[in-house]
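Chemist: Below you will find the structure I want to go over with you.
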2 protein chains.
Amino acid sequence: MKAKVAINGYGTIGKRVADAVSMQDDMEIAGVVKTRPSFEARVALDKGYGLFVPSKENAADFEKQGMEVSGTLDELLGDSDIVVDATPGDVGAEYRKLYEKHGIKAIWQGGEEHEVAGFSFNSEANYDAALGREHARVVSCNTTGLVRVLYALDRQFGVEKARVTVMRRSADPNDIKTGPINAIVPDPISLPSHHGPDVKTVLPGINITTVAVKLSTTLMPLHALNVKLGKDCGAEDVVKTFKSRPRLRLVSGKDRVKSTAEAMELAKDLGRPRGDMWENVIWKDSIAIDDGELYFFQAIHQESDVVPENVDAIRAMLELESDGARSILKTNAALGIKK
Amino acid sequence: MKAKVAINGYGTIGKRVADAVSMQDDMEIAGVVKTRPSFEARVALDKGYGLFVPSKENAADFEKQGMEVSGTLDELLGDSDIVVDATPGDVGAEYRKLYEKHGIKAIWQGGEEHEVAGFSFNSEANYDAALGREHARVVSCNTTGLVRVLYALDRQFGVEKARVTVMRRSADPNDIKTGPINAIVPDPISLPSHHGPDVKTVLPGINITTVAVKLSTTLMPLHALNVKLGKDCGAEDVVKTFKSRPRLRLVSGKDRVKSTAEAMELAKDLGRPRGDMWENVIWKDSIAIDDGELYFFQAIHQESDVVPENVDAIRAMLELESDGARSILKTNAALGIKK
């Protein structure tokens, strides 16, 4: 029997998690919840997902557009083993009471505060701690990207201090309402940014300070990392460590991946659904030790890097697999992530 | 008698230096050199600058467009006290022999190597060393912006280590041929970037590592600085130090300067020629001490921040003023830079 997963919120993250869940052999989609009709709802129906609405009043809008509604969120929760909340940031917290009423396990996204679940998740860093849990929060795209590399470095060399410049995309590619179109926006102006504390919700022992800006780009944020390691090592040792990790992809300028644009083109050429890049994209030729400190660049696909983490979180919380490394490999194999 | 200044290369920097020189009471424009006719050449003539060409063959092109040519570069150099070379990067070095033949003092821009002049200049950091010199190079826009703040911090607190992320504009606003339009480009991919070594051509004692990316923006590059200072101090001490410096402008998000776009709008509202912002724009509310280290954001107007430095370099090399601080104040007053 496959575990039944409800997806509440069928936007950028929700639709991707739904597809990734469908590709696993130990879980399936019980239904997806959407508030308003859209091309995305129509595609969901084409894929065979049951379409649910937050409350009965929303159903008429869908039916007017010729889209069949299977029921309400309430009904869906009653028929599912776990819900992935992918509603807009800060909206998810409002559903907490409803999920509790149904006694259903729930996973929130990084747009919510740590406190909504009391536990923040990353597949490699703390799968064990998620086993059997009622509530978890998968940290945001940038935080997931940072946790993946800092966890790897900390395990291998110890991280004494990480200083990161997070260069954020201003909008997702499908967002036509957001700026800037020709400026750099310190965001937040007051330093440091929240990304450092957010990393600590998963890796409490890491000493990290982050600053962030918002840019005229939609493709991928880029991180410039400076890390003071606990042990002396060379660039090649860091490359080796990154290569050993399941969701880090090394690329190279020599291989003509010279920007976030080419990194996304690579994902498309790999045949990835929606052109998604689930792994951190790390420039191998940027990895350098200078004045005793490690420097490198990585790009993060903000629309998709948390997707495999959501799948692993489901597996841990429902105890479908007790070993984190095995869950990661299983998720990766189902999605087609190859080293 | 005013000192006679030749401008070789009348593009982004050359035209601005010409105007800034014209605004001083101790120097004047002997002529400007342009290779091809353009609206900029026409405006130069309207301003009363003598228009010169690299060689006689270029003159016909101008005359065909109805623009009067006053002579050749050779003739201009024979009639000037100093030449500011603002030709495209790496082209300036080719003119070195010609300048030497004429025995004329020469100033190059940051697009050339340090070696072209053997001396790299910043008004605040090393005016004294430029007094009477034959050759100098005014460091690039980003390097000038870094030198201004690092010199100030080093004098006041000592700089033990500076780590900087330089977020570069991909093109100037008048450039229609350059990308990217929607991507982040690690540039260079191999770390660290050249900006650190370039800072050391002016401030050899500063321990600095820089990384750089190129962005979809034309307005201003932004620097995220992390500085380990030699003395403990608070954010307010840093604010005080920056306020005491002649070419640092503090802005604030609370005052609705929230991005490089608003910083440039401020320059326009101040009535600056071409909307230029000659000073570093530093976000006062970004200045923070975290984990014992200083963090802040600054934006640099790449088209204009080196302009007052060129004026001071002229004054030092021709010994029109022996005191650097006085030259800076004189230049600032003539341009209208107020604290």
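Chemist: Which of these, B:N226, B:N280, B:N58, has the largest mean-square fluctuation under a Gaussian network model of chain B (Cα springs below 10 Å)?
Modeler: Result: B:N58 has the largest fluctuation of those listed.
Chemist: What is region A:141-299's relative contact order, in percent, from Cα pairs under 8 angstrom and six or more apart in sequence?
Modeler: Here the relative contact order equals 27 percent.
Chemist: Determine the principal axes of the Cα atoms in region A:1-134, then give the extent along each, sorted from largest to smallest and rounded to whole angstroms.
Modeler: Sorted from largest, the Cα extents of region A:1-134 read 45, 31, 25 Å.
Chemist: Now, a different point. In the protein assembly as shown, what percentage of the DSSP-assigned beta bridges are antiparallel, given to the nearest 5?
Modeler: DSSP beta bridges in the protein assembly as shown are roughly 40 percent antiparallel.
Chemist: Excluding B:F157 itself, what net charge comes from residues whose Cβ is under 12 Å from its Cβ, given Lys and Arg +1 and Asp and Glu -1?
Modeler: Net charge around B:F157: -1.
Chemist: With N residues in region B:275-339, what two-decimal value do you get for its Cα radius of gyration over 2.2 N^0.38 Å?
Modeler: This ratio for region B:275-339 stands at 1.41.
Chemist: Mean shadow of region B:231-339, computed from the convex hull of its alpha carbons, in nm²?
Modeler: So the Cα hull casts an average projection of 7.9 nm².
Chemist: Go through region B:295-300 residue by residue and turn each phi into a ³J(HN,Hα) via Karplus (6.51, -1.76, 1.60, θ = phi - 60°); whole Hz please, and just put x for glycine and proline.
Modeler: 10, 6, 10, 9, 10, 10
Chemist: Karplus couplings for region B:267-282 from phi (6.51 cos²θ - 1.76 cosθ + 1.60, θ = phi - 60°), rounded to Hz, Gly and Pro as x?
Modeler: Ordered by residue, 3J(HN,Hα) equals 4, 5, 5, 6, x, 5, x, 6, x, 7, 10, 6, 8, 5, 9, 10 Hz.
Chemist: Give a quick list of GluC sites (Glu not before Pro) in region B:12-109 that DSSP marks as loop, anything other than H, G, I, E or B, with at most 10 other Cβ atoms within 10 Å.
Modeler: B:E68
Chemist: Which of the GluC sites (Glu not before Pro) found in region A:223-292 are loop residues per DSSP with 10 or fewer other Cβ atoms within 10 Å of their Cβ?
Modeler: none
Chemist: Once a ≥ b ≥ c are taken as the square roots of the eigenvalues of the Cα gyration tensor of region B:106-185, is the result rounded (a/c under 1.5), prolate (a/b larger than b/c) or oblate (a/b not larger than b/c)?
Modeler: In terms of gyration-tensor shape, oblate.
Chemist: Remind me, relative contact order of chain B in percent, using alpha carbon pairs under 8 angstrom and six or more residues apart?
Modeler: Across chain B, relative contact order equals 17 percent.
Chemist: What list of ³J(HN,Hα) couplings, whole Hz, do you get for region B:194-207 from phi and the Karplus terms 6.51, -1.76, 1.60, once you set θ to phi - 60° and write x for glycine and proline?
Modeler: So the J values, rounded to whole Hz, are 6, 5, x, x, 5, 4, 5, 5, 9, 10, x, x, 7, 8.
Chemist: Say a label goes 7 Å from Cα toward Cβ at A:G230 in every copy; what distances in nm does this one have to the rest, shortest first?
Modeler: 3.3
Chemist: Can you give me the three principal axis dimensions of the protein assembly as shown from its C-alpha atoms, in Å, biggest first?
Modeler: For the protein assembly as shown, the Cα spread along each principal axis is 94, 55, 45 Å.
Chemist: Can you pull out the trypsin sites (Lys or Arg not before Pro) in region A:112-212 that DSSP calls coil and that have at most 16 other Cβ atoms within 10 Å?
Modeler: The qualifying sites are A:K177.
Chemist: Note the angle between two axes, namely the Cα long axis of helix A:307-317 and the longest principal axis of the Cα atoms of chain A, as a number of degrees from 0 to 90, rounded to the nearest 10.
Modeler: Taking the Cα atoms of chain A, the angle to A:307-317 is about 70 degrees.
Chemist: Moving on. Helix-only mean residue ellipticity at 222 nm, chain B, DSSP H runs n ≥ 4 weighted -39,500 (n - 2.57), per residue, nearest 500. What is it?
Modeler: Calculated mean residue ellipticity at 222 nm is -10000 deg cm²/dmol.
Chemist: Is region A:141-299 rounded, prolate or oblate when judged by the Cα gyration tensor, a ≥ b ≥ c being the square roots of its eigenvalues, rounded requiring a/c under 1.5 and prolate requiring a/b larger than b/c?
Modeler: oblate
Chemist: Wrap a convex hull around the Cα atoms of region B:205-256, take a quarter of its surface area, and give that in square nanometres.
Modeler: 5.9 nm²
Chemist: Taking the alpha-carbon centroid of each part, what is the distance from region B:112-177 to region B:246-272 in angstrom?
Modeler: 21 Å
Chemist: Now for a different question. Rounded to the nearest 5, what is the percent of antiparallel bridges among the DSSP beta bridges in chain A?
Modeler: Here the share of antiparallel DSSP bridges comes out near 40 percent.
Chemist: Return the long-range amide H neighbours of A:L318 (sequence gap of 5 or more, or a different chain), with a cut-off of under 5 Å between placed amide H atoms.
Modeler: Here A:G132 satisfy the definition.
Chemist: State the dimensionless ratio Rg/Rh of chain B (Rg: radius of gyration of Cα atoms; Rh: Kirkwood radius).
Modeler: 0.97
Chemist: Could you tell me which of the pairs A:K240/A:K284; A:K200/B:K258; A:K177/A:K258; A:K228/A:K338; B:K240/B:K284 are separated by over 20 angstrom between their Cα atoms in the structure shown?
Modeler: With Cα atoms farther than 20 Å apart: A:K200/B:K258; A:K177/A:K258; A:K228/A:K338.
Chemist: Roughly how many whole Å is it from the C-alpha centroid of region B:43-82 to that of region A:280-339?
Modeler: 61 Å
Chemist: In bins 10 Å wide, starting from 0, what share of all Cα pairs of region B:64-149 does each bin hold, as a percent?
Modeler: 16, 45, 27, 10, 2
Chemist: For region B:233-339, what does the relative contact order come out to in percent, with C-alpha contacts under 8 Å and a separation of six or more?
Modeler: It comes to 23 percent, rounded to a whole number.
Readers should treat all values here as calculations from the given coordinates under stated rules, not as data from a laboratory. Quantities reported herein were computed from a predicted structural model and do not represent experimental measurements. Backbone-built Cβ (ideal geometry, glycine too); neighbour counts: all protein chains shown.
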